[in-house]
Amino acid sequence: MHYSKTILKKTKRGNVLRVVKEHYLRDDIGFGSELITQTGEYKPEHKPLLKEAEEYLILDTDIIMHQMDAIENSNALQNVVILQTVLDSIRLSSINTYRRIRKVISDPNRHFFVFSNEHHRLSYVHSITGESPFARNQRAIRKAASLYTNVFNQKIKIVFITNDLENLKKAQDEGIFSETIYQYASRLKNYPEFVDMLVEPQKSEKNMNIEKDNKDNKENKDNKENQENFLYPQHLTKKEIFEGISKGKYYQGTIHINPNNFYEAFVNCEGYEESFIIQGRKNINRAVDRDIVAIELFPKDQKVSLSSKIIEHTNEEDEDIMIEKYQEKEKEETEENLNLNLNKNQNQNNNKNRKSQLQSAKIVGIIKRNWRQYCGSIQLDQVFLKQGGRFENLLFIPVEKRIPKIRIKTRQVDALLNKRIVVVIDSWERNSRYPNGHYIKTLGDIGDKEVESEVILIEHEVPHESFCEDVLKCLPLEQENWQIPQEEIAKRKDLRNLCIISIDPPGCKDIDDCLHVRNLDNGNYEVGVHIADVSYFVKEGTPIDIEAANRSTTVYLVDRRINMLPPLFGENLCSLHQNIDRLTFSVIWELNEKAEIIQTWFGKTVICSKAALSYGEAQLRKDDPKMKDEITESIRTLNKLSKYLEERRKEAGALTLASPEVHFSMDSETQEPLDVEVYQHKEVNHLVEEFMLLANISVAERIFEYFPQSALLRRHPSPIKSQFDNLLKSLENFNLSLDISSPKNLSKSLDKAIIKNNPYFNKLLRILTTRSMTQAVYFASGTLDYKDFFHFGLAAPIYTHFTSPIRRYADVCVHRLLASSLDIEAVSDKLTRKESVHEICKVLVPKYGIEIKNQKC
Amino acid sequence: MEISEYVNPEGLRIDGRRRKELRKIEIEMGKLEQVDGSALFVEGFTRVMASVCGPKEVENRSKAVEDKAFISVEFLSATFSTRKRTKMSKKDRRVLEICSIIRKTFEPVLQLELFPESEISIFIQVLQADGGVESACINAVTLALIDAGIPMIDFVCSCTGTYLDSFCILDTNFIEETAGGSILIAAILAKSKKVVSTQMKISRLKMENFTELLELVVDGCSRIYDLMEDATRKRTKEQLNSQTALIK
């Protein structure tokens, strides 16, 4: 082993610190190919580069930074060497790109190899005084490339790919075979789609030119003709924006485009209750939905009411007309406003009108783009040929109405027509009405059920790929025939002789909760809730755990389910089927006649469910007086106890809110949905729910006691008054009102709000109330005060999720914490530090706009 | 957001070492003439000088012990040893802690009962601190005691390890030590492989990880022992040579 040291100096936060770092150079780093073996090479080094390959590619930093989509989605690039210098600079500039490239590298089918050139004795370069870090890195990259060229001398061709023309020339001078990505793409025969995926060349130069132009323009302000060539005003630079924000001139917020009117948008700024309205294409100024933007307010008196018009994307010519009309309308409106202002003795009606008006503003700059991948299709009447080019310019219409059309280039038009495709935005220049983007992949035909389902999943950013190999490797080797090991049974409390039952919706495959009840000699009851022990199978930090954390929930669509865990676990080994021994995590209470808790026991158990009932079956058994078997008696006792629990909860002020749950009846053969019906709640539904709530609360108390800082809990914040404004206003018409100060008061006022002859009114009101409330959230106990732990909807001082580990990741974490509090299995420091639990909670937030089954509590 | 990877997927640490590799170690013994024994222990950029005086008469009479020698430890960290210039007072918690670690580690190893009512004083000076300072101190003191010729039952060797990002890492440098993992400092008796002292910082570690970490650190200690033994042999040979030269 060879040692050498360099000294690096670094300054941080104004204080000049002398940071000295060691840097070891090594002899044992391999080249990742079986063609070359070095003496003393480190043994476990794997060699992904194929020896049959024609050429090995070395990518420059800018290729990975800008062409990540192409690298990710096309198999065109194979046998690629990624240099450590490149990876390090990517990690510094974009953690997201870094994660994506790491994912590609770890894919064994892609044959990517990371060469640690910074620690290789032959490829390390010292920085020269006066040289910029960027220049030094480029030199390091070229040095590594030339090392590869020399080492593989004639055996295999080494191609260095860079889009930096200066670097390209230097590399060629040093005798490295180098190309730009476009030259390389044009040589490729087998991957026609690869070219489409590339971000357009010379983009940066173009931008530079425009910026230069702009600067010129600024200097000659009279030169108005030039100015008019641009469709949009210029964005301010980051520095100007931040200065403006600190001076209070600009505001920062997230933009939401009105889905019904493309020329209207709202910006929510932190610390302001009301959002600001932005109208007109020029004022929105190239901001795309969910970007973080800087806005400047128009003078205070320019308040605008929401336009009730619906404007969608139209063709370009029509659009201009629309805009004109729109501007006219705007003028009228402002005139109206002026009139209003003049008329100072306004009557009450006018006052009310003004209240619903919002402060208007315009966008002066973009702080952070939040572009993602968009699904959509090609606009048919826009197909026209560009002169002399083999590329065709097309317009892409996104499925999401909030997103503008995107201009893309392709040379495979025929293959794209009438297809659903995925596209990303690359840039949006001032002189272009639409943003420029590039094609990523084709999903399939428009209108196909499978394809459209996938569109829904992509649009909501649900990870839905099938489980990768690493994850599947975590499954037990025996697959379905897996048996509980004897030593595991010995460790647990054996409850297999108890009469344990499960009650679930019909056709439920992932049963994660079971119940039992038995009479004790002292007249009390023993009630147990048994939850599938997922944490026994899914160990912390394993690939399956990481994947589950990423998915965070199981997502239910009409015809399919996007599982959080592989089906072998979710539907088989963890699911508590009838008459099969299963591992569980149990909460067992001793309850008295009135269902008050005498004592609680937590622990790992092994059970054997005696009956897996559906809600309907359970209800029938309970109501049939002839049935007198053990199972039915259990249901009756549980039902009796649950009534007490429900009563006590209602007394404390728990809300009975309604969110309409629908149920699809499916054709049993074709799996086609036939009809939609409102889901009927039966008495036994409440039975199960009550005990699950009780279990969740008991567990929450326990983990909070043992992990006062890092317990993963769930809270439901008290509602915000302003969000109820609309509802309360409409209620005034019925002479009704709601008191939202506490759950109890809200619950009472909801009960009173009844209109005779309209039984549905109360239900509707409950639905609207649910919608107006803030969402319940996960949090780490150390981040808030105890009084803020309150769950408003359930009126519980402390609450967590414990009962559905098969379909919610939060429950898995809670299981681990509980196990650790019982000294069964320790948890890593990830779950014992409030900061890292806080991070986990952030990921667990249900993805935007997705209805998740049973998510109401 | 995880900005740094302490061990990258290629298996290299920030400074280019693999997980179980020690830093470069250099040992120099007997460079100071004014004291009875001295040693400089260099581990990467951590540099510790230890010197030993004694056994001698006890300076502060009240501290004398009737049946064995008394160990006094003085610890000094140069202001320029760390990134930020800090001056540690003699009563600083960290100074007192390190002194007590040294005393407790060496009390059972030194044959103190041979020198009743006398004092063995140990001075430690940290010239550069880049992680693993406590371990380097223990190693330097062992060597200085050997150089001073004080009878010991065995070598005491120490090493530091950490459990970070679900990896066990040996011989931490400053960056790895301040990364927030659980740090284990262990000192062993080299020949009998007995663990004399262990210390944990920022605890909470799974039992199985702790065992793995301890094994790794003990292995590191025995590798350090080999180097220390070599240095001792070299030093003894030098002394022998110079003495025979004198006699001639």
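Values for this structure:
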read-out	value
Filtered residue count, region A:16-30, keeping only those that are of a type in the set (D, E, K, R) and at the interface with chain B (Cβ under 7 Å from one of its Cβ atoms)	4
Cβ-Cβ under 7 Å pairs, at least 6 apart or on other chains, region B:199-227 side farther than 18 Å from B:ALA187 by Cβ, far side part of a helix (DSSP H, G or I)	B:ARG204/A:ASP829
Qualifying residue in region A:703-724 (condition: crowded, with 17+ Cβ neighbours inside 10 Å, out of contact with any Ser or Thr (no Cβ under 7 Å at 6 or more places or on another chain), part of a helix (DSSP H, G or I) and among the aliphatic types (A, V, I, L, M))	no
Given (1) assigned to a strand (DSSP E or B); (2) away from chain A (no Cβ under 14 Å); (3) in contact with a Leu (Cβ under 8 Å, 6 or more places away or on another chain), index of the condition B:LYS31 fails	(1)
Subset of region A:376-424 that is within 19 Å of A:HIS460 (Cβ to Cβ) and charged (D, E, K, R) - its residue that is modelled with the highest pLDDT	A:ARG420
Among the residues listed as A:LEU477, A:LEU498, the single one being without any contact (Cβ under 8 Å) to a residue 12 or more places away in the chain and either under 30 Å from A:PHE230 (Cβ atoms) or in a loop (DSSP other than H, G, I, E, B) (or both)	A:LEU477
Options B:GLY11, B:GLY54, B:GLY16; residue that is at pLDDT below 90, of a type in the set (Gly, Ala, Ser), assigned to a loop (DSSP other than H, G, I, E, B) and buried (at least 21 other Cβ atoms within 10 Å of the Cβ)	B:GLY16
Filter pass, B:LEU184 being at pLDDT 90 or above and of a type in the set (A, V, I, L, M, F, W, C)	yes
Qualifying position, being within 13 Å of chain B (Cβ to nearest Cβ) and either in contact (Cβ under 8 Å) with a residue 60 or more places away in the chain or aliphatic (A, V, I, L, M) (or both), among A:ALA819, A:ALA796	A:ALA819
Residues within region A:762-817 that are in a helix (DSSP H, G or I), under 15 Å from A:VAL699 (Cα atoms) and outside the structural domain of A:GLY541 (by TED's automatic domain parsing), tallied	2
Residue tally, condition at pLDDT 85 or above, away from every other protein chain (no Cβ under 14 Å) and not in a strand (DSSP E or B), over region B:57-90	4
Sole exception among (1) under 17 Å from A:ILE90 (Cα atoms); (2) within 14 Å of chain B (Cβ to nearest Cβ); (3) surrounded by 15 or more Cβ atoms within 10 Å (Cβ to Cβ) for A:LYS103, by number	(3)
Residue count, region A:443-470 (criterion: within 26 Å of A:ALA287 (Cα to Cα) and of a type in the set (Val, Ile, Thr))	4
Residues that are over 26 Å from A:LYS744 (Cβ atoms) and aliphatic (A, V, I, L, M), drawn from region A:596-652	A:ILE598, A:VAL606, A:ILE607, A:ALA611, A:ALA612, A:LEU613, A:ALA618, A:LEU620, A:MET627, A:ILE631, A:ILE635, A:LEU638
Residue that is within 33 Å of the chain's Cα centre (by Cα) and either outside any strand (DSSP E or B) or not assigned by TED's automatic domain parsing to the domain that holds A:ALA700 (or both), where the choices are A:GLU593, A:GLU571	A:GLU571
Pair list, Cβ under 7 Å, 6 or more apart: region B:88-116 residue on the phi < 0 side of the Ramachandran plot and surrounded by fewer than 19 Cβ atoms within 10 Å (Cβ to Cβ), other residue in a helix (DSSP H, G or I) and of a type outside the set (Gly, Ala, Ser)	B:MET88/B:ARG94; B:MET88/B:VAL95
Test: residue in region B:193-213 that is assigned to a strand (DSSP E or B), in contact with a Ser or Thr (Cβ under 7 Å, 6 or more places away or on another chain) and more than 13 Å from every other protein chain (Cβ to nearest Cβ)	yes
Region B:141-177, subset within 14 Å of chain A (Cβ to nearest Cβ) and either in a helix (DSSP H, G or I) or among the polar types (S, T, N, Q) (or both), residue farthest from the chain's Cα centre (by Cα)	B:SER166
Index of the failed condition, A:THR149 passing every other in (1) touching an Asp or Glu at 6+ places or on another chain (Cβ under 7 Å); (2) surrounded by 18 or more Cβ atoms within 10 Å (Cβ to Cβ); (3) over 19 Å from A:LEU25 (Cα atoms)	(1)
Filtered residues of region A:738-756 (kept if free of Cβ contacts under 8 Å to residues at least 40 places away in the same chain and outside any loop (DSSP other than H, G, I, E, B))	A:LYS748, A:SER749, A:ASP751, A:LYS752
Residue count for region B:178-189, restricted to those that are out of contact with any strand residue (DSSP E or B) (no Cβ under 7 Å at 6 or more places or on another chain) and within 11 Å of chain A (Cβ to nearest Cβ)	1
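Quick grid of which residues meet (1) out of contact with any helix residue (DSSP H, G or I) (no Cβ under 7 Å at 6 or more places or on another chain); (2) of a type outside the set (Gly, Ala, Ser):
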residue	(1), (2)
A:ASP512	yes, yes
A:VAL517	no, yes
A:VAL527	no, yes
A:SER535	no, no
A:LEU576	yes, yes
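Residue-wise test of (1) within 13 Å of chain A (Cβ to nearest Cβ); (2) out of contact with any Cys (no Cβ under 9 Å at 6 or more places or on another chain).
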position: B:ASN8; (1), (2): yes, yes
position: B:ARG19; (1), (2): yes, no
position: B:ASP36; (1), (2): no, no
position: B:PRO55; (1), (2): no, yes
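The values are calculated or read from the model by the stated rules, or taken from the named source; none is laboratory data. Just so it is clear, the structure is predicted and the values come from calculations on it, not from any experiment. Backbone-built Cβ (ideal geometry, glycine too); neighbour counts: all protein chains shown.
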